[in-house]
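Student: Mind looking over this structure? Questions follow.
What follows is calculated from the coordinates using simple rules that are stated; it is not laboratory data. From a predicted model like this one, the values you see are computed outputs, not experimental measurements. Using ideal geometry, Cβ is built from the backbone for each residue, glycine included, and neighbour counts are taken over all protein chains shown.
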Amino acid sequence: MSREDIIALLDEDDEVIFFEPAYFDEAILGLTSTSPGWPIKPRVCYSSQKIVDILMRELDCAYEEALDYFGFNIQRFYTKEPPPPLLITDST
């Protein structure tokens with residue numbers, strides 16, 4: 001699912017947060033929503049393993065270095081509220 005696909009699914013007043021830079025769009029799995037509460041707000045869901053794979057490619061680094069970068073710079077220090085959810089997936 002692409003950024004454009006997600007934007008096309010949204011209502012005019014919906015807002016979602018995407019990870020930047022845009023090459024992380026390759027890790028998009030789809031949409032989820034906040035709960036409980038009203039109104040329900042859509043959120044973009046990403047694959048954590050795919051993000052690590054992208055980091056290996058973009059940073060030209062080994063798996064362990066990309067995993068450290070992901071943990072320190074994405075999982076730990078993402079500052080936008082609320083951050084996009086991450087689906088933890090197995091690399092095997």
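Student: Which peptide among 40-53, 18-31 comes first, and what is the full order, when sorted by highest mean count of other Cβ atoms within 10 Å? Don't skip to the answer; put the middle values down first.
Tutor: Working: 40-53: 18.3, 18-31: 15.4.
In descending order of packing, they fall as 40-53, 18-31.
Student: Sequence-distant or interchain residues sharing an amide H contact under 5 Å with G30, placed H: which?
Tutor: C45
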